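A short write-up of the structure that comes next.
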Amino acid sequence: MHPGVKVLIFTGEILNEKLWVDVLDAGADGIILKTGELLTRHDVQAVMDGKQLVFNEPILRKIVERFKRAVGAQLAKQEALINYEIDEYDERFLRHLALGYTKEQITGLRGMPFGVKSLEKRQVELMKKLFPEGTSGVNATRLVVRALELQILDIENLEADED
């Protein structure tokens with residue numbers, strides 16, 4: 001109702017990250033945690049001058065740490081995809097196996113041009129790539145666990161393709 005109003009949250013909720021996300025989603029211009037460095041004239045002036053997303057040191061440290069972890073995980077995944085020669089279809093196949101899909105369900109996904117027999121062959125090839133020491137006793141579950149260990153799959157971002 002009042003787009004010109006600037007909102008800077010000043011909170012003692014130092015562990016309630018859901019609250020932080022909620023207030024940012026609601027349109028807050030920044031968050032200042034009541035730990036360490038408190039609200040400063042500079043913070044208020046930055047918001048009044050139109051700067052968005054003003055944070056003080058404690059929350060900035062958390063943001064930077066999460067950013068570094070996210071970038072590191074992304075780089076590790078890219079390296080794993082290259083090192084183990086995993087293509088888009090391999091990744092999709094492994095991801096849907098991790099989500100509990102059967103091979104029959106995976107063949108029904110849009111853009112998945114393989115039948116069950118082809119997926120079974122692909123699974124054997126993936127087992128050979130990810131278990132070079134031998135595939136005896138390796139099943140689909142163990143294959144998925146190995147893909148997670150090697151960071152080919154990211155457990156935090158396991159989502160099904162749209163049907």
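Here are the numbers:
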read-out: Condition met for GLU120 (surrounded by fewer than 17 Cβ atoms within 10 Å (Cβ to Cβ), at negative phi and in a helix (DSSP H, G or I)); value: yes
read-out: Some residue of region 69-78 being more than 30 Å from LEU8 (Cα to Cα), at pLDDT 85 or above, assigned to a loop (DSSP other than H, G, I, E, B) and not β-branched (Val, Ile, Thr); value: no
read-out: Filter result for PHE93 (part of a helix (DSSP H, G or I), of a type outside the set (Gly, Ala, Ser) and modelled with pLDDT of 90 or more); value: yes
read-out: Which numbered condition LEU81 misses (of (1) surrounded by fewer than 13 Cβ atoms within 10 Å (Cβ to Cβ); (2) in contact (Cβ under 8 Å) with a residue 60 or more places away in the chain); value: (1)
read-out: Single match in ARG122, ARG95 (criterion: over 30 Å from HIS42 (Cα atoms), over 22 Å from the mean Cα position of the chain (by Cα) and touching a residue at least 24 places away in the same chain (Cβ under 8 Å)); value: ARG122
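Results for (1) open to solvent by 60 Å² or more (accessible area, probe 1.4 Å); (2) free of Cβ contacts under 8 Å to residues at least 12 places away in the same chain; (3) farther than 30 Å from LEU153 by Cβ, shown as yes or no for each residue.
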residue: PHE10; (1), (2), (3): yes, no, yes
residue: LEU15; (1), (2), (3): yes, yes, no
residue: LEU19; (1), (2), (3): no, yes, yes
residue: ILE31; (1), (2), (3): no, no, yes
residue: MET48; (1), (2), (3): yes, no, yes
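The values are calculated or read from the model by the stated rules, or taken from the named source; none is laboratory data. Since the model is a prediction, treat every value here as computed from it, not as a measurement. Every residue, glycine among them, receives a Cβ derived from its backbone with ideal geometry; neighbour counts consider all protein chains shown. Heads up: the accessible areas ignore ligands, DNA and RNA and are worked out on the full protein's heavy atoms, side chains in. Shrake-Rupley method; radii C 1.70, N 1.55, O 1.52, S 1.80 Å.
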